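Below is one structure, written out as structure tokens; the observations come after it.
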Amino acid sequence: MAVVEKALSGHVQSRAGFVTETASHLMEAGGKRFRPLLVLLAAETGDRPDSDEVVTAACVVELTHLASLYHDDVMDEADLRRGTVSAHSVWGNHVAILTGDFLFSKSSELTAELGPDAVRIQAHTFTRLVEGQILETVKPVPGEDPLAHYLDVVAGKTGSLIATSARYGARFGGASPEVEAALTSYGEIVGSAFQLSDDILDIASESGESGKTPGTDLREGVPTLPVLMAQASTDPADARLLELLAGDLTDDGSHAEALDLLRKHPALDEARAYVIAQAAEAKAHLTALPAGPVRDALEAFADIVAVRST
Ligand code: FPP
Ligand code: MG
């Protein structure tokens, strides 16, 4: 990870000092580096886990993710990211969006070093990321189950890149095609679980823990897993919450009331149980790997995602 970190600092450099400043902003702010970590971990299933290609692949996925955060914060009008002020709050939407584009271009340049298959995988991942993000802004089509719609959004906007992280790790670390396929399936489910636990944290955590402003999804009217589960309630005691959820939550008073009611609602634990079940499903794919410390670490990784607090 130290090697990846050093390489990442180099990749956010531009010939223009201002672009370097805007592109380094969120990189330097921290972040969990969850995706590159998964690349390195998955690479341990192969016979060349320390190859240069593994490090490059780790940078590709983190840069793609970082690019998407610049765009996401514009869309969500988020003030905070990684415990610091979001890029658009400092430089405005135009610079934030173009910085996201710059980082995605950097990621694409690096992907080209990994060959045509990696480019094809990356391109398809990007398609899914963007489709997921767009579908989040539209309601389910008539007759479509809202939960199924939401899970489809989550698989696209987060599952796709985390699946690719695991896949790249296996592929460039020299794992067999069978292990690469198993880790891709594992990554897809762990990735969706990661997003679902992020949704739970959006409701349950304070900004000091998450480095983000709580209740952002609620304010934006994005019905995430705990909200969808609360909306399925037929308990008359939930009438006020359901009324608030059906209305406009951009008003501070209604937003605070809805957040408070949701924090006390059993739907939050129901959502947590769903995520834990997803982690178990992801781990089932690891039976394709030999028993040992690498498999143990990947199992622990899925467990941590399910119960994470940041
Ligand atoms: C975070 O969602 C957003 C994503 C995981 C994907 C965003 C994808 C795009 C904006 C498409 C453009 C992509 C690129 C590569 C330029 P969230 O708002 O639920 O999570 P948060 O709590 O971290 O804000
Ligand atoms: Mg967001």
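The values are calculated or read from the model by the stated rules, or taken from the named source; none is laboratory data. As the structure is a prediction and not an experimental result, all values here were calculated from the model. Backbone-built Cβ (ideal geometry, glycine too); neighbour counts: all protein chains shown. Side chains included, ligands, DNA and RNA excluded: accessible areas come from the protein's heavy atoms. Shrake-Rupley method; radii C 1.70, N 1.55, O 1.52, S 1.80 Å.
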*asked:* Sorting check: for 37-47, 72-82, which peptide has the highest mean count of neighbouring beta carbons within 10 Å, and how do the rest follow?
replied: 37-47, 72-82
*asked:* Using a 1.4 Å probe on the protein heavy atoms, what percent of the accessible area of segment 20-90 belongs to carbon and sulfur?
replied: 46
*Residues of segment 56-144: accessible area per residue with a 1.4 Å probe, Å²*: 47
_Nearby lysines by direct alpha-carbon distance to Lys139 (threshold 18 angstrom, same-chain neighbours under 8 apart not counted)_ = Lys157
*Based on the Cα coordinates of segment 7-152, what is the per residue volume of their convex hull in Å³?*
135
*To the nearest 20 debye, what charge dipole does segment 267-310 have about its Cα centre, counting +1 at the Cβ of each Lys and Arg and -1 at the Cβ of each Asp and Glu?*
100
*Using the Karplus curve 6.51 cos²θ - 1.76 cosθ + 1.60 with θ = phi - 60°, work out ³J(HN,Hα) for each residue of segment 79-84 in order, rounded to whole Hz, and write x for Gly and Pro.*
8, 10, 8, 6, x, 10
*Tell me, what % of the accessible area of segment 105-186 is carbon and sulfur with a 1.4 angstrom probe?*
62
*Place the peptides 179-192, 20-33, 229-242 in order of packing, highest mean first, counting for every residue the other Cβ atoms within 10 Å and averaging per peptide.*
179-192, 20-33, 229-242
*Positive-pole candidate from Met229, Leu261, Ala277, dipole of segment 221-310, charges at beta carbon*: Ala277
*Whole Å is fine, so just give me how far the alpha carbon centre of segment 82-124 lies from that of segment 201-239.*
29
*How big is the shadow of the Cα convex hull of segment 107-253, averaged over all directions, in nm²?*
11.5
*asked:* Per-residue counts of other Cβ atoms within 10 Å, averaged by peptide: what ranking do you get for 53-65, 159-171, highest first?
replied: 159-171, 53-65
*Modelled FRET efficiency - R0 35 Å, Asp101 with Ser309, Cβ distances, 0.05 increments*: 0.60
*Within the chain, which DSSP H helices have Cα atoms that stretch 27 Å or more along the helix axis and a mean Kyte-Doolittle hydropathy of at least -0.5?*
52-76, 93-113, 116-136, 177-204, 266-284
*Sort Tyr274, Tyr70 from largest to smallest accessible area, using a 1.4 Å probe on the heavy atoms of the protein chains.*
Tyr274, Tyr70
*If you place +1 on the Cβ of every Lys and Arg, -1 on the Cβ of every Asp and Glu, and leave all else neutral, what size is the dipole of the chain about its Cα centre, to the nearest 20 Debye?*
740
*With every protein chain left in place, what is the accessible area of Phe194 in Å² (1.4 Å probe, nearest 10)?*
20
